[in-house]
Amino acid sequence: MSWLQIALYLALLVLLARPLGEYMARVYAGERTFLTPALGGLERGLLRLIGARADEESDWRTYGLGLLVFNALGFLVVYALQRTQHLLPLDPAGLGPVTPDSAFNTAVSFATNTNWQGYAGETTLSDLTQMLGLTVQNFVSAATGMAVLVALIRGFARRTSATLGSFWVDLVRSTVHVLLPLSIVLALALVSRGVVQTFEAPARVQLLEVDGSAVQTIPLGPVASQIAIKQLGTNGGGFYSTNSAHPLENPDALTNLLESLAILLVPAALCFTFGTMVGDRRQGVVLLAAMLVLLGPGIVAAYAAERAGTPALAAAGAELGETADAPGGNMEGKELRFGVAQSALWAAATTAASNGSVNAMHDSLTPLGGLVPLVLMQLGEVVLGGVGSGLYGMLAFAIVAVFVAGLMVGRTPEYLGKKIGAYEMKMAALVILTPCLASLVGTAVACAMAAGRAGVLNPGAHGFSEILYAFSSAGNNNGSAFAGLSANTPFYNTTLGLVMLVARYAPIVLVLALAGALARKKLVPAGAGTLPTHTPQFVALLVGTVLLVGALTFLPALALGPIVEHLQMVGAGGGP
């Protein structure tokens, strides 16, 4: 039954992705869609408000400058809201201001689409901060990634053009025509299943104690509206500290299915958008196929590791096989209402998609189960990846793949009719390597400094895995964590924040520079020496390139963490 659930999930994902992807292609082309009568006025009003025109164009530098200024303003707003929330309305719990280092980390995290949370949302942030700060950033940070991808697609599709479109138009269209309607539909579905959406003060519930004196306080708030966009925008920041493991964020199996589908839906659909916009749908199918070839084994490996449990469980006589009455396997840190299969599926999906939300605690995964999320992040968040950012990362790998193939046969490399020269290769390589460098440098600094080691609550290999996971998450704008690391400290708030900034905005600038260079090139007709990029052969080449770069970059670090931890667990015949 568990394998059938996983297969059904992947089938639904592909089935829903195609129509959404083709719809988005029409949106970015400025064509009329079935939602234009309802949303066209809102788009025009927003463009008029910011002084932009639907037909305006800009070069890559102007496009990038607008993006950076807009994101900087978003950072400042979120930081200010946190520092002054005790003076503002919609604070029913009477929460105080957030500390400067935590406010910096959170503002960076949500501006960069990382959504790393070193705090407990329900006891740290007011309803106003959650809505006006975090939820708004969930929309615009996701729309920023989508806009950059669209600019890169235009770079491939256009001939000898000096412009890539308008950042402001792409931002508004991504928000109004894609993220907003999807979020409304998902939020209503979640509310219908019991996800909270209210401005009421925290509820006080009397517990079943003998004397009736024990009372539990349950924070409430505008949860469903934040959860919908956190999943659809591959943001991941939860209203509650336990994220989507909390019953008021994710009550049952149906909400779990809807939320997990939402995590991968837009990234998968953008592959079809790409194929439609470049005039060859096969190109998008090939990219999606490569992503699924990488994702599928990850899901299988995570589920197999968690279902197998640990030697300590086996020695204690625990039943590891799944039955109708018992989930079996390693259930530490997991919700009974989801079990091992749905927890493993979510862990793989959320780290493949740069989402970072969790429905189980990743710190409680077995060593090999925890290895899967680590690897999926360290591959560069291109296995579907974040909305927009995942596909433009995979396109950078595609450029490297055709360049390597060209060198092997002595031909000038081409991709989608554009010759790949030294400049394009340099930009693509830097897009791939910058997050890797940020992750490893951050890990090394944390391990070398006393302030970094002080946050580790578990000694040995697992403690190193916690640090490596944190900086891999920040360096690839994911946001999930091995929660055994005490990261809400000035050291980690600052270093992780800096890593997030580098890993988000350096690749964006490089991608836009790459898009500008491609747009200026002429279209070269395919010849006898052109490498076909719509075949299973290219899928294999692309997957091999991604795996080779990931292995060369991170295998030594993984050997010091989850791999040695697994060997220790097996050798000791007990838990890690």
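The values are calculated or read from the model by the stated rules, or taken from the named source; none is laboratory data. Remember, predicted model here, so these are calculated numbers, not experimental data. When we count neighbours, we look across all protein chains shown, and the Cβ atoms used for this are built from the backbone with ideal geometry, even at glycine.
Can you confirm whether the stretch 187-196 contains a residue that is of a type in the set (S, T, N, Q) and part of a helix (DSSP H, G or I)? Outline the logic, then answer.
First, pick out the residues of the stretch 187-196 that are of a type in the set (S, T, N, Q): 192.
Among the residues that remain, those that are also part of a helix (DSSP H, G or I) are: 192.
For the stretch 187-196, residues of a type in the set (S, T, N, Q) and part of a helix (DSSP H, G or I): present.
If you check every pair at least six apart or on different chains, which have Cβ atoms under 8 Å apart with a residue in the stretch 500-528 that is free of Cβ contacts under 8 Å to residues at least 24 places away in the same chain first and a residue that is in a loop (DSSP other than H, G, I, E, B) and surrounded by 24 or more Cβ atoms within 10 Å (Cβ to Cβ) second?
Going by the 8 Å Cβ cut-off, there are no qualifying pairs.
Applying the selection to the stretch 383-411, what residues are surrounded by fewer than 21 Cβ atoms within 10 Å (Cβ to Cβ) and either outside any loop (DSSP other than H, G, I, E, B) or touching a residue at least 60 places away in the same chain (Cβ under 8 Å) (or both)? Give the steps one after another, and end with the answer.
Initially, the stretch 383-411 is screened for residues surrounded by fewer than 21 Cβ atoms within 10 Å (Cβ to Cβ), giving 404-411.
Val404, Ala405, Gly406, Leu407, Met408, Val409, Arg411, listed by residue number.
Within 20 Å of Asn355 (Cα to Cα) and either free of Cβ contacts under 8 Å to residues at least 12 places away in the same chain or outside any helix (DSSP H, G or I) (or both): which single residue out of Asn115, Asn71 fits that description?
Asn115
May I ask you to verify whether Ser58 is within 18 Å of Ile508 (Cα to Cα), part of a loop (DSSP other than H, G, I, E, B) and not basic (Lys, Arg)?
yes
Condition (residue is in contact with a Leu (Cβ under 6 Å, 6 or more places away or on another chain), within 30 Å of His246 (Cα to Cα) and buried (at least 21 other Cβ atoms within 10 Å of the Cβ)) applied to the stretch 160-176: is it met by at least one residue? Outline the logic, then answer.
Within the stretch 160-176, the first condition is being in contact with a Leu (Cβ under 6 Å, 6 or more places away or on another chain), and the residues that meet it are 167, 172, 176.
Filter once more, so that each one left must be within 30 Å of His246 (Cα to Cα): 176.
Going one step further and asking which of them are buried (at least 21 other Cβ atoms within 10 Å of the Cβ), we end up with 176.
Scanning the stretch 160-176, I find at least one residue that is in contact with a Leu (Cβ under 6 Å, 6 or more places away or on another chain), within 30 Å of His246 (Cα to Cα) and buried (at least 21 other Cβ atoms within 10 Å of the Cβ), so the answer is yes.
Would you tally the residues in the stretch 59-83 being out of contact with any helix residue (DSSP H, G or I) (no Cβ under 9 Å at 6 or more places or on another chain) and of a type in the set (Val, Ile, Thr)?
Counting residues in the stretch 59-83 that are out of contact with any helix residue (DSSP H, G or I) (no Cβ under 9 Å at 6 or more places or on another chain) and of a type in the set (Val, Ile, Thr) gives 1.
If Leu49 passes every condition in (1) farther than 26 Å from Leu501 by Cβ; (2) aliphatic (A, V, I, L, M); (3) without any contact (Cβ under 8 Å) to a residue 24 or more places away in the chain; (4) in contact with a helix residue (DSSP H, G or I) (Cβ under 9 Å, 6 or more places away or on another chain) but one, which one does it miss?
(4)
Do we find a residue being of a type in the set (Val, Ile, Thr) and in a helix (DSSP H, G or I) anywhere in the stretch 520-538?
Step one: list which residues in the stretch 520-538 are of a type in the set (Val, Ile, Thr), which gives 524, 530, 533, 535.
Applying the additional criterion that residues be in a helix (DSSP H, G or I) yields none.
Within the stretch 520-538, none of the residues are of a type in the set (Val, Ile, Thr) and in a helix (DSSP H, G or I).
Please go through (1) surrounded by fewer than 23 Cβ atoms within 10 Å (Cβ to Cβ); (2) within 30 Å of Ala93 (Cβ to Cβ); (3) touching a residue at least 12 places away in the same chain (Cβ under 8 Å); (4) over 20 Å from the mean Cα position of the chain (by Cα) for Gly221 and return the number of the only condition it doesn't satisfy.
Among (1) surrounded by fewer than 23 Cβ atoms within 10 Å (Cβ to Cβ); (2) within 30 Å of Ala93 (Cβ to Cβ); (3) touching a residue at least 12 places away in the same chain (Cβ under 8 Å); (4) over 20 Å from the mean Cα position of the chain (by Cα), Gly221 violates only (1).
Going through the stretch 515-552 one residue at a time, which ones are modelled with pLDDT under 95, of a type in the set (S, T, N, Q) and in contact with a helix residue (DSSP H, G or I) (Cβ under 7 Å, 6 or more places away or on another chain)?
Residue satisfying the conditions is Thr533 alone.
Inspect the stretch 223-235 for any residue being outside any helix (DSSP H, G or I), in contact with a Phe, Trp or Tyr (Cβ under 9 Å, 6 or more places away or on another chain) and of a type outside the set (Val, Ile, Thr) and give the result as yes or no.
Looking for residues that are outside any helix (DSSP H, G or I), in contact with a Phe, Trp or Tyr (Cβ under 9 Å, 6 or more places away or on another chain) and of a type outside the set (Val, Ile, Thr), one finds at least one in the stretch 223-235, hence yes.
Does the stretch 247-256 include one or more residues that are within 18 Å of the chain's Cα centre (by Cα) and of a type in the set (A, V, I, L, M)?
no
Quick one: what pairs do we get from the stretch 281-302, first residue of a type in the set (D, E, K, R) and assigned to a helix (DSSP H, G or I), second surrounded by 21 or more Cβ atoms within 10 Å (Cβ to Cβ) and at pLDDT below 95, C-beta under 9 Å, 6+ apart or different chains?
Short answer, once both residue conditions are applied: Arg282/Thr533.
Hey, any hits in the stretch 128-137 for a residue that's of a type in the set (Val, Ile, Thr), closer than 20 Å to Leu264 by Cβ and assigned to a helix (DSSP H, G or I)?
No, there is no match, as no residue in the stretch 128-137 is of a type in the set (Val, Ile, Thr), closer than 20 Å to Leu264 by Cβ and assigned to a helix (DSSP H, G or I).
Which count do you get for residues in the stretch 454-492 that are at pLDDT below 95, over 17 Å from Leu558 (Cα atoms) and assigned to a helix (DSSP H, G or I)?
Matching residues across the stretch 454-492 total 0.
Pairs under 6 Å by beta carbon, first residue surrounded by fewer than 21 Cβ atoms within 10 Å (Cβ to Cβ) in the stretch 534-556, partner among the charged types (D, E, K, R) and part of a helix (DSSP H, G or I), six or more apart or different chains?
His534/Arg282
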